Structure formats: structure tokens, C-alpha cells
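Each remark here refers to the structure printed beneath this line.
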Amino acid sequence: MNVQIEPSWKVQLQGEFEKPYFAQLADRVRQEYTAGPCYPPGRQIFNAFNLCPFEAVKVVIIGQDPYHEPGQAHGLSFSVQDGVEMPPSLINIFKEIEMDLGTPPPPTGNLERWARQGVLLLNATLTVRAHQANSHAMLGWHEFTDAAIAALARSRQHVVYMLWGRYAQSKAWMIPKDRNLVLQSVHPSPLSANRGGWFGQHQFSRCNQYLAQNGLTPIEW
């Protein structure tokens, strides 16, 4: 299949594009987008990969599925487009960054600047039907995004994996912990974060310290 995705990722995931499940997935996604509004826009479905080439990945942040209201999703987990009100989880992420690093929250929730520094903002499911969270969870995206995580785990080292919440933590078994850093916490959503275990974890400074120790440029969060 002629999938439009960043070249280095296309090399890593070519085997997935040739499997029967991916052809079925592509057909289902096309049908969903034809039937009614879905997010993100089609050209942005692979944005996480297109903005962060395989060899550039320094950090992986795993989300569950895209935001499902108009104008929000643009292919990066936890990120919203410029001019869109920040969702509560993203507000809590920026609050923790300010507590940890002293960096004040930015005026926008667009995280493209993270992606361009090597943060792979990967949702496990890459598309969603309007107004219906997790509506595409059964289309087959999980097999594809698991393959992306597996490719990183197999070929890269000194990558920081930030696993927030039970769902993201279910991916931890794929990651070799002897040559990567795995940071786990509760999800930054208010329901989870306010119970404790999100604020005060210093994940962002710990991430940058690990990157620096391994000769990599820290992230400007």
C-alpha cells in the first residue's frame, strides 16, 4: 500500500503495511471518514510519525485516542491545535512542568514543538468518530501502533518512555528497561491526578537528566 508517512518510519513499518489487517484497517477508516466527521483530518493521521522521524525519537508519550470534538485533534497525543482551549489533562501536564522545571505554561496547547525535538506523541488509536471517544478502538490501530513501539524497543536505546495511566502502562512489557528509561504515573486527567500520583513526580526533569547523561540534548518542555 502507498501510505503517506515519514520515510524512516515507512522503512520500519513497511511490513505492517503489507499485512492483511492493515488493508482491512485502511478500508474501515475510509468508510468511517466517508460516513461522517472523524478526527484528525486525514492528512494529519500520521502526524506523530511525520514530525518525529524514527532516528530522532528521544521520548515516547502514549495516549489512548484522539480528542473527539471539532478542531482539537491533529495527530499528536495530548496536543490541540493553536487557538483551541486546552483540555484538562494538558493543563495538568503544564502545571507539573511548571512545578518541576519552573517553566510557565505556554499560550497554546499545540505540542508540535515537542515533536520536532524528538518527542513521539503517539496515540494507540490514531482516529476517532466525532463526539464518540474510543469509537475507533476496535478498527485495528492497536496492532499498528504496537508495531511502532516494538520497532523502537528493538532498534533504539536511551529512549524515555512516559507511561501515564493504566492503559499506557500496559505497553511497558515491550520496552527493554536495561537500555531505556520508563517513567510511570497516574494519568494527568483531573479524575486521576487529583487523587495523587501525578503532581510532584518530577518526570520532566528526570527525563532531561537521563537524556543528558546519555549525551542527548534535553527537551525544552
Looking only at aspartates and glutamates whose Cα falls under 16 Å of K19's and that sit 8 or more positions away or on another chain, we get D27, E143, D146
At R0 = 30 Å, how high is the FRET efficiency between Y33 and V182 if r is their beta carbon distance? Nearest 0.05 is fine. 0.30
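Roughly what % of Cα-Cα distances in segment 78-131 sit above 19 Å, to the whole percent?
It works out to 32 percent of all Cα pairs.
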Considering amide H positions built from the backbone, and no H for Pro or chain starts, which residues 5 or more places from V60, or on another chain, come under 5 Å of its amide H? L120, V160, Y161, M162
For C38, what residues show an amide H to amide H distance below 5 Å, using hydrogens built from the backbone and excluding near sequence neighbours? A130
D (µm²/s, integer) via Stokes-Einstein for segment 139-221, Kirkwood Rh across alpha-carbon pairs, 20 °C, 1.002 mPa s: value 154
Would you mind putting 179-186, 23-30 in packing order, based on average other-beta-carbon counts within 10 Å, highest first? 179-186, 23-30
Non-local amide H neighbours of V84 (under 5 Å, H modeled in plane, Pro and chain starts lacking H): which ones? G109
So how compact is segment 1-105: Cα radius of gyration and Dmax in angstrom? 16.2, 48
Check: C-alpha center segment 1-48 vs C-alpha center segment 148-194, spacing in Å is 23
Solvent-accessible area per residue for the chain (1.4 angstrom probe, square angstrom): 45
Once the Cβ-Cβ distance between Q213 and S8 is put in as r, and R0 is 22 Å, what FRET efficiency do you end up with, to the nearest 0.05? 0.30
Taking the DSSP beta bridges in segment 1-157 as the whole, what percent of them are antiparallel, to the nearest 5? 40
Taking every alpha carbon pair in segment 66-208 and sorting the distances into 10 angstrom bins from 0 up to the bin holding the longest one, the percent per bin comes out as 11, 39, 40, 11, 0
Estimated FRET transfer efficiency when R0 is 22 angstrom, pair H158-E220 (beta carbons, to 0.05): 0.75
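What fraction of the Cα pairs in segment 41-102, stated in percent, has a spacing above 19 angstrom?
39
The values are calculated or read from the model by the stated rules, or taken from the named source; none is laboratory data. Here the structure is a predicted model, which means the values were calculated and not measured. With ideal geometry, Cβ positions are generated from the backbone for all residues, glycine too; neighbour counts draw on all protein chains shown. What goes into the accessible areas is simple: the full protein's heavy atoms, side chains included, and nothing from ligands, DNA or RNA. Shrake-Rupley method; radii C 1.70, N 1.55, O 1.52, S 1.80 Å.
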